[in-house]
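Below is one structure, written out as structure tokens; comments come after it.
The values are calculated or read from the model by the stated rules, or taken from the named source; none is laboratory data. Keep in mind that this is a model prediction, so the values were computed, not measured. Here the Cβ positions follow ideal geometry from the backbone for every residue, glycine too, while neighbour counts run over all protein chains shown.
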Amino acid sequence: MTDTLADRRRLLIATSAVGAAATAGVAVPLVASLTPSERARAAGAPVEVDIGKLAPGDMMTVEWRGKPVWILHRTDAMLASLEGNEADLVDPASAHPMQPAYAQNRHRAINPRYLVAVGICTHLGCSPSEKFGAGAASGLGADWPGGFLCPCHGSTFDLAGRVYLHKPAPDNLEVPPHKYLSDTRLIIGADDDAA
């Protein structure tokens, strides 16, 4: 009878060991599948951009986290258009949390010359188009100072990405975290509080 009891114990231990090995064999690939892939990690990584050849009045688009990020090199006239239109804007002081604290100003920028903004309308996620030309030639009326137009539902934004009143978009365009590495190098997605 003791041999039968010993056999049962050995069988129980062997079965438990096989069960533990099978559980580990299933758990390891499952846990590995939950960690982000190299491609996913790269998609969320900061993006370094050379803005040295971006001429005044020109805009470039880079991708960060699957979103288009605009970098607009504003001219003196573009900067001047940001003054005096506060009464026509939803959030002229950028009080809503659509930008880091260091971009909570009229220009919504660290360096007033450059607007860095996510090119996605805050209404339904459409991509606005540039309407930099002022006046009637823009197709937006004689008093249009220049900015962006979301063609889907008609939201308009100034050249700081601030939304105009009485438009479908509830908020200004998002300003992503960013900082300058030099006068011509910008990193999007990392800011260390813009240090």
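Here is how the numbers come out for the structure above:
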read-out: Residue within the range 74-86 that is within 18 Å of the chain's Cα centre (by Cα) and either surrounded by fewer than 14 Cβ atoms within 10 Å (Cβ to Cβ) or modelled with pLDDT under 90 (or both) present; value: no
read-out: Top-ranked residue of the range 135-146 - restricted to ones that are in a loop (DSSP other than H, G, I, E, B) and either in contact with a strand residue (DSSP E or B) (Cβ under 9 Å, 6 or more places away or on another chain) or of a type in the set (Phe, Trp, Tyr) (or both), ranked as surrounded by the most Cβ atoms within 10 Å (Cβ to Cβ); value: Gly146
read-out: Residue match in the range 59-68 (condition: of a type outside the set (Asp, Glu), part of a loop (DSSP other than H, G, I, E, B) and either in contact with a Cys (Cβ under 6 Å, 6 or more places away or on another chain) or closer than 20 Å to Ile187 by Cβ (or both)); value: yes
read-out: Matching residues in the range 147-173 - criterion: being assigned to a loop (DSSP other than H, G, I, E, B), surrounded by fewer than 21 Cβ atoms within 10 Å (Cβ to Cβ) and of a type outside the set (Lys, Arg); value: Pro151, Cys152, His153, Gly154, Leu165, His166, Pro168, Pro170, Asp171
read-out: Any hit, the range 155-167, residues being among the hydrophobic types (A, V, I, L, M, F, W, C) and free of Cβ contacts under 8 Å to residues at least 60 places away in the same chain; value: yes
read-out: Those residues of the range 174-193 which are part of a strand (DSSP E or B) and of a type in the set (D, E, K, R), in sequence order; value: Lys179, Arg185
read-out: Qualifying positions in the range 89-123 - farther than 19 Å from Met78 by Cβ, in contact with a Lys or Arg (Cβ under 8 Å, 6 or more places away or on another chain) and touching a residue at least 60 places away in the same chain (Cβ under 8 Å); value: Val90, Asp91
